[in-house]
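Novice: Structure in structure tokens, see below.
The values are calculated or read from the model by the stated rules, or taken from the named source; none is laboratory data. In this text the structure is predicted, and so the values were computed from the model without any measurement. Here the Cβ is made from the backbone with ideal geometry for all residues, glycine too, and neighbour counts use every protein chain on show.
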Amino acid sequence: MKLEGERVNVIVIGECLKDIEMIKRTISEQEGIWPPEIFNNPFEGLHYMKENIVDVIFIEVGVKLIHEIILYKKIMEIYEGKHPIPKIVFYGDEDHVSCAVKAYETGAMDYMIRPLSEEKIEQLFHLSQKENLL
């Protein structure tokens, strides 16, 4: 949970420009949240996480170079023993239901099904803040 006045740091790891722009635009309009850092290369995102505190990570399912569940495990390795652990939000197509199930089993915060919308993203942050998850 963030202290009064602290901003939430968000990153997006994905390739679909339409989704990235939707997430970026919506998050940038939210009070108390830094504009997100964007990574098309998941390994650059992992490097960023090693040197920066990240509160929320959006991961596109099907991103090239690494399977999303392996990426999730690598993120957990980076944050092992550190608190708080970032909240993970996977997003992708409806036909990736098995990934959604695995995401929840590993502790992901949410799985957002395309098409993404400002309303879905705003709702995610409002509920998280209401439940003191951020």
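Novice: Considering only residues that are assigned to a helix (DSSP H, G or I) and in contact with a strand residue (DSSP E or B) (Cβ under 9 Å, 6 or more places away or on another chain), look in region 1-42 and name the one that is modelled with the lowest pLDDT.
Specialist: Only one residue fits best here, namely Ile27.
Novice: Could I ask something else about it? Do you know which residues across region 111-134 are touching a helix residue (DSSP H, G or I) at 6+ places or on another chain (Cβ under 6 Å), more than 20 Å from Pro35 (Cα to Cα) and not hydrophobic (A, V, I, L, M, F, W, C)?
Specialist: Tyr111
Novice: Within region 1-54, track down each residue that is of a type in the set (A, V, I, L, M), under 17 Å from Met76 (Cβ atoms) and crowded, with 16+ Cβ neighbours inside 10 Å. Before the answer, list the steps.
Specialist: Our first condition is that a residue be of a type in the set (A, V, I, L, M); within region 1-54, this holds for 1, 3, 8, 10-13, 17, 20, 22-23, 27, 33, 38, 46, 49, 53-54.
Remaining after also requiring under 17 Å from Met76 (Cβ atoms): 11, 13, 46, 49, 53-54.
Ile11, Ile13, Leu46, Met49, Val54 - these are the residues of region 1-54 that are of a type in the set (A, V, I, L, M), under 17 Å from Met76 (Cβ atoms) and crowded, with 16+ Cβ neighbours inside 10 Å.
Novice: Consider region 61-74. How many of its residues are under 12 Å from Ala103 (Cβ atoms) and either within 11 Å of the chain's Cα centre (by Cα) or aliphatic (A, V, I, L, M) (or both)?
Specialist: The number of residues fulfilling the criteria is 4.
Novice: Restricting the first residue to region 31-56 and requiring it to be under 23 Å from Lys18 (Cα atoms) and without any contact (Cβ under 8 Å) to a residue 60 or more places away in the chain, which pairs with a second residue that is of a type in the set (Ser, Thr, Tyr) and part of a helix (DSSP H, G or I) meet a Cβ separation below 7 Å and a spacing of at least six or different chains?
Specialist: Listed by first residue and then by second, the contacts come to Pro35/Ser28; Glu37/Tyr48; Phe39/Tyr48.
Novice: Take the conditions assigned to a helix (DSSP H, G or I) and either at pLDDT below 85 or among the hydroxyl-bearing types (Ser, Thr, Tyr) (or both) and apply them to Leu71. Does it pass?
Specialist: It is false that Leu71 is assigned to a helix (DSSP H, G or I) and either at pLDDT below 85 or among the hydroxyl-bearing types (Ser, Thr, Tyr) (or both).
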